[in-house]
Every structure is written in structure tokens, then in C-alpha cells.
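The values are calculated or read from the model by the stated rules, or taken from the named source; none is laboratory data. Remember, it's a predicted structure, so these values are computed and weren't measured experimentally. Using ideal geometry, Cβ is built from the backbone for each residue, glycine included, and neighbour counts are taken over all protein chains shown. Only protein heavy atoms, including side chains, enter the accessible area calculation; ligands, DNA and RNA are left aside. Shrake-Rupley method; radii C 1.70, N 1.55, O 1.52, S 1.80 Å.
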Amino acid sequence: MTGAVLAGGHSSRFGSNKALYTVADDSLLGRQLHGRTFLQHALDTLRPLCDELFISASEANAAAYGGEGVQVVVDEVADCGPLGGLASLMDAVSGQWLLLLTCDMPFVSTATLRHMLEEIDENVDAISAHQFPLLIRRDTLYILKDCLKQGDYRVRSFLSKIRTHYYNLSEQESMNINQLNTYYIKQNNTKNQNEK
């Protein structure tokens, strides 16, 4: 299996390159990362399942990921969001399936990804948890490129054009850490509800 981490965004909502960020405290997120960056954690989550790993990056961020010992694939077309990175990855890999994880979903487990792999079927082109993680058949690249040509950069739109099976993540696993404040507010609200 070929795996890849999408780490090419501008991190505009986060405020800095979130792929290189870590949390060094005793919070749930800090314990999950164990001193690793979001990118390192995502790569470690994929490693047990994949014999080949890639990082998808924008041209601006690519050099920062060189020390990870993983091939970095630069977006061929800039500013197309995750679909631009996905298209470049699908061009670069040779396997039939590609397993994608974004760098900002630190609660997705290797076990969950393994369950997604068990759902591979000849009648399915993609297995998606809302949008990501995403398990995608490489031969859908022509449909993806057609979306990009039309200026349609929405992941949901692309997935609606292929045979997509949707996989349910737990609420925690589906958390996307775009703003640390959002994470800590959510964590504190959960803690307060549990104490009632």
C-alpha cells in the first residue's frame, strides 16, 4: 500500500505551518503527539500499513519536509487545495490504491485506517471518512484532472463523481486541528460536561 500525508496547505487559519507544529503539554493532544510534529505523527500512523510513503507539499513548504526521510511531492498546480496535492500524488505513485491522511487529524488511528483498508472492493473507487482520511483508486485520476480543469476544487464534488463508500469516524478522530484554540475550547467543554 502507498500512503501519503497532505501537508501542503497555507495554514492561514492556524497561523503557522501546522505540519511542523507540536504540542508539549499534558493535554490529550500533547499525549497523542508525544513530542512529534503533526507531520511526524501522521507519517507514524501510516507506517505500519504502507510500504511506500510520500508527503504532499506546496512549493513554499517542500524544503521544510526534507528531513523526514520521505519523498516529497510538490503540487504541480498551486492553490487548488487538497485536490491539487492529490492529483500530483496520483501522478507520482505506481500502486493501484493510495491512502491519504492530512497532517492535521492527529486522532485518526492506525487501527481505523486498517479498517478502511478492509473495505476495499472492486465496486468502489474511494473510501472516505467525510473527506479525509481517504483511500482512493489511482485510476480515478482522469476524473480528478477534469475537476481541476473545470476549476472545481471541492473534494466532496470529486467524490460525488466516483463510486465512493463513506466510512464513519468517531467525533474525536474526525477533529481537524485548524486552530489550537478551537481544540482547547472543545476539550474544555467536554471536560466540563463530564464533570456535571
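Here is how the numbers come out for the structure above:
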quantity: Between 0 and 90°, nearest 10: helix 180-195 axis offset from the chain longest Cα axis; calculated: 50 degrees
quantity: Extended-chain gain in nm, criterion 0.36 nm per residue less alpha-carbon gap, ASP51 and SER27; calculated: 5.5 nm
quantity: Within a Gaussian network of the chain (alpha carbon springs, distance under 10 Å), most fluctuating of LYS161, LYS145, LYS18; calculated: LYS161
quantity: Packing-based order for 170-177, 126-133, 34-41, using average beta carbon neighbours within 10 Å, highest first; calculated: 126-133, 34-41, 170-177
quantity: Relative contact order of the chain, pairs being alpha-carbon contacts under 8 Å that are 6 or more residues apart, as %; calculated: 23 percent
quantity: Accessible area of the chain belonging to carbon and sulfur atoms, whole % at 1.4 Å probe; calculated: 46 percent
quantity: Set of aspartates and glutamates with alpha-carbon distance to LYS18 below 18 Å, sequence-local pairs under 8 removed; calculated: ASP44, GLU59, GLU68, ASP75, ASP79, ASP104, GLU173
quantity: In sequence order, calculated HN-Hα J values of region 25-34 (Karplus, 6.51, -1.76, 1.60; Hz; x Gly/Pro); calculated: 9, 9, 6, 4, 5, x, 5, 5, 7, 6
quantity: Placed amide H near GLU52: partners under 5 Å, 5+ positions off or other chain; calculated: GLY3
quantity: Candidate residues ASP51, ASP125, ASP91, ASP139: accessible-area rank, largest first, probe 1.4 Å; calculated: ASP51, ASP139, ASP91, ASP125
quantity: Over the chain: helical MRE at 222 nm, DSSP H runs n ≥ 4 each giving -39500 (n - 2.57), nearest 500; calculated: -10000 deg cm²/dmol
quantity: In nm, spacing of pseudo-spin labels at ASP139 and LEU117 (7 Å Cα→C-beta vector); calculated: 2.2 nm
quantity: Under the Karplus curve 6.51 cos²θ - 1.76 cosθ + 1.60, θ = phi - 60°, whole-Hz ³J(HN,Hα) for region 75-80, x wherever Gly or Pro sits; calculated: 4, 5, 10, 6, 6, 10
